Amino acid sequence: MVARYREALSGRPLDVGCGAGRILGYLVELGGEVEGLDISEEMVAHCRVAYPRARVRVGDLADVGAAVQGRFTAVLAMDNVLDVFDDPQRRRALRELRELLEPDGLLIFSSHNLEYADARRGGRGDTARSLDRARELLSKAGSRSVGEVVAVAARMPVRIRNRRRMAPLQRREGDHAIINDEAHDYGLLHYYIGRDDQARQLSDLGYELIECLDVDGRVVQAGGRSLAPWLHYIARPAVAN
């Protein structure tokens, strides 16, 4: 995506949720006026040292319009960062990001794929998945140190407690789902949506979807099926009729 959309990314790009600069570094190499935003003061401090040519600041994606000024040739929201929100918050963030784009600017973001979650669950309950995890641990025990096996086993009670605690908060809506996944030992809830529903959501919010790519860079067409854990979307502000 960096190569394909080099022109927009070498202008004035904004990396939202830039973290320690995993993507920010590529943007800096393109030579544009790079800006980064992250909620973590420690991450921002690191990026300012590691990538002094970028302008990086502390800010919250939940109020991104107040955190940055001006318009951007591209806004990146990678690593499924938008999926920490529920549906109303997520739509608000997408609207605010649109207002930050130049008329021909690009929004490039990733989101958890609901088709993947549905296929993985496959009607199996929590007990079955816990047994699968135990079998996986035992199968890999021979290639791990005793300390590694003990550490993984020690986390299992935490994972089970978190899973039980979060399970009542999960829900399935018409076009998306809020799912407790494995992140941070089942300590988080994430937003999941399928390719076509994401396209419709973007259209409702004033975007035009340019393309959707899976984790290996393959194009996922409208109506197509993908079992990738997340998908990448490239969109731009829709032209008013």
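Every number in this text was worked out from the coordinates using simple rules, so none of it is lab data. Just so we're clear, the structure is a prediction, and the values are computed from it rather than from any experiment.
Under 5 Å between amide hydrogens, built in the peptide plane, is the criterion, and for E211 it picks out I234 among residues at least 5 positions away or on other chains.
Amide H to amide H, with H built 1.01 Å from N, L101 comes under 5 Å of F72, counting only residues 5 or more places away or on other chains. Normalised by 2.2 N^0.38 Å, with N the number of residues, the alpha-carbon radius of gyration of the stretch 64-116 equals 1.17. When its C-alpha radius of gyration is set against 2.2 N^0.38 Å (N residues), the stretch 21-128 gives a value of 1.27.
Considering the values (1) 27, 21, 17; (2) 33, 23, 17; (3) 27, 24, 17, which represents semi-axes √(5λ) of the Cα gyration tensor in Å as calculated for the structure under consideration? So the structure-derived entry is (2). Remark: the stretch 38-46, residue by residue, has Karplus-estimated 3J(HN,Hα) of 8, 6, 8, 4, 5, 5, 5, 4, 4 Hz, where x stands for each Gly or Pro and the curve is 6.51 cos²θ - 1.76 cosθ + 1.60 at θ = phi - 60°.
Between amide H atoms placed 1.01 Å from N, distances below 5 Å from V75 occur with L14, L106, L107, I108, all of them 5 or more places distant or on a separate chain.
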